[in-house]
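What follows is one structure encoded as structure tokens, with my remarks underneath.
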Amino acid sequence: MQPVSRRVTVKRNARRAVYDPQVIRQVLDSQQVCHVAYVEDGEPRQIATLFMCDEDHIYLHGNRQSALLRHMARGGEVSISVMCVDGIVVARSGFHCSMNYRSVTVFGRGEDVVGEAHEAALERFVAVLIPGHEKAVRTPTAQEWAATAVVRVPLAEMSAKIRAGDPIDDPNDMESDVWAGVIPLQTQSGTPVPSADLKPGLQVPAYVHRYQAGR
């Protein structure tokens with residue numbers, strides 16, 4: 001599968017490039033935080049933020065006064081990056097020490113999400129962040145709806161870059177007595193900690209236990 005544009009074409013280590021939308025979506029679905037780069041008043045800026053996806057778009061949300069969200073709501077261009085580190089690659093030489101990773105870059109113009117789609121997206125953000133909690137929380141107030149912007153970018157102009165497997169050492173180093181291999185990495189959730197002001201008698205809900213086990 002070929003890239004859709006020049007700017008998403010992977011040039012360095014091009015053999016690691018992936019343009020398959022299904023693979024890209026798998027990487028996006030495995031993460032919840034992205035970095036968004038844009039230009040404001042001629043200056044480069046970058047923000048780390050929560051995101052979610054549907055079939056066709058990547059969504060961001062936050063305070064309506066956010067410079068990033070205002071830029072995107074006006075149709076401004078952004079570059080969105082997501083990365084997952086799967087392991088530390090320990091090579092026989094420092095030059096070849098690396099990481100196993102899955103990364104995605106998305107380019108596109110922002111779009112303001114309004115009306116019923118705006119409310120549905122905000123509810124889904126809760127469901128994506130803490131599956132099941134969206135059914136437990138109260139309905140947002142009119143002020144909360146109004147204060148929170150939702151924007152999106154099409155999942156169209158994008159590519160992934162993936163490294164997996166063993167170190168790639170030089171042939172002359174293969175007989176070295178230095179250990180080589182991969183140290184796997186993964187994100188794990190800990191035991192839920194109740195809020196200090198939690199109402200007495202409330203137990204940890206099942207969906208929180210499921211989150212702990214699933215993550």
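Take segment 148-178 and flag every residue that is hydroxyl-bearing (S, T, Y) and either within 16 Å of the chain's Cα centre (by Cα) or surrounded by fewer than 13 Cβ atoms within 10 Å (Cβ to Cβ) (or both).
S159
Considering (1) more than 25 Å from T49 (Cβ to Cβ); (2) surrounded by 12 or more Cβ atoms within 10 Å (Cβ to Cβ); (3) among the aliphatic types (A, V, I, L, M), say which one A206 fails and leave the rest.
(2)
V33 passes all but one of (1) among the hydrophobic types (A, V, I, L, M, F, W, C); (2) in contact (Cβ under 8 Å) with a residue 40 or more places away in the chain; (3) buried (at least 16 other Cβ atoms within 10 Å of the Cβ); which number fails?
Tallying (1) among the hydrophobic types (A, V, I, L, M, F, W, C); (2) in contact (Cβ under 8 Å) with a residue 40 or more places away in the chain; (3) buried (at least 16 other Cβ atoms within 10 Å of the Cβ), V33 fails exactly one: (3).
What's the number of the condition N172 fails, among (1) under 30 Å from R92 (Cβ atoms); (2) touching a residue at least 24 places away in the same chain (Cβ under 8 Å)?
Here N172 clears every test but (2).
Are any residues in segment 141-187 within 19 Å of L50 (Cβ to Cβ), aliphatic (A, V, I, L, M) and assigned to a loop (DSSP other than H, G, I, E, B), and if so, which ones?
L155 - this is the single residue of segment 141-187 that is within 19 Å of L50 (Cβ to Cβ), aliphatic (A, V, I, L, M) and assigned to a loop (DSSP other than H, G, I, E, B).
Where the second residue is surrounded by 13 or more Cβ atoms within 10 Å (Cβ to Cβ) and in a helix (DSSP H, G or I) and the first is in contact (Cβ under 8 Å) with a residue 24 or more places away in the chain and on the phi > 0 side of the Ramachandran plot and lies in segment 117-139, which pairs have Cβ atoms under 8 Å and are six or more apart or on separate chains?
G132/Y207; G132/V208; G132/Y211
Of all residues in segment 10-40, which are out of contact with any strand residue (DSSP E or B) (no Cβ under 7 Å at 6 or more places or on another chain) and modelled with pLDDT under 90?
If the condition is that a residue be out of contact with any strand residue (DSSP E or B) (no Cβ under 7 Å at 6 or more places or on another chain) and modelled with pLDDT under 90, then K11, R12, N13, A14, R15 are the ones that fit.
Could you say whether any residue in segment 124-137 is crowded, with 16+ Cβ neighbours inside 10 Å and either of a type in the set (S, T, Y) or more than 18 Å from the chain's Cα centre (by Cα) (or both)?
yes
Which of the following residues is closer than 22 Å to I24 by Cα and free of Cβ contacts under 8 Å to residues at least 40 places away in the same chain: I47, I80?
I47
Looking at this structure, is G108 in a strand (DSSP E or B), under 30 Å from W179 (Cα atoms) and either without any contact (Cβ under 8 Å) to a residue 24 or more places away in the chain or touching a Pro at 6+ places or on another chain (Cβ under 6 Å) (or both)?
When the stated conditions are applied, G108 does not pass them.
Residue under question is T191, and the condition is that it be outside any helix (DSSP H, G or I), at pLDDT below 95 and under 22 Å from the mean Cα position of the chain (by Cα); does it hold?
So T191 fails the test.
Kindly evaluate R64 against the criterion of being more than 14 Å from the chain's Cα centre (by Cα), modelled with pLDDT of 95 or more and of a type outside the set (F, W, Y).
The answer is no for R64.
Results for (1) surrounded by fewer than 19 Cβ atoms within 10 Å (Cβ to Cβ); (2) modelled with pLDDT under 95; (3) more than 18 Å from the chain's Cα centre (by Cα); (4) among the charged types (D, E, K, R), shown as yes or no for each residue.
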residue	(1), (2), (3), (4)
R7	yes, yes, yes, yes
A48	yes, no, no, no
G76	yes, no, yes, no
I80	no, no, no, no
V89	no, no, yes, no
R92	no, no, yes, yes
S98	yes, no, yes, no
G108	no, no, no, no
V113	no, no, yes, no
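For residues that are under 15 Å from I130 (Cα atoms) and either among the charged types (D, E, K, R) or assigned to a loop (DSSP other than H, G, I, E, B) (or both), tally how many sit in segment 195-208.
Qualifying residue count for the region: 2.
The values are calculated or read from the model by the stated rules, or taken from the named source; none is laboratory data. As the structure is a computational prediction, the values presented were derived from the model and not from experiment. Please note: Cβ atoms are built from the backbone with ideal geometry, for glycine as well, and neighbour counts cover all protein chains shown.
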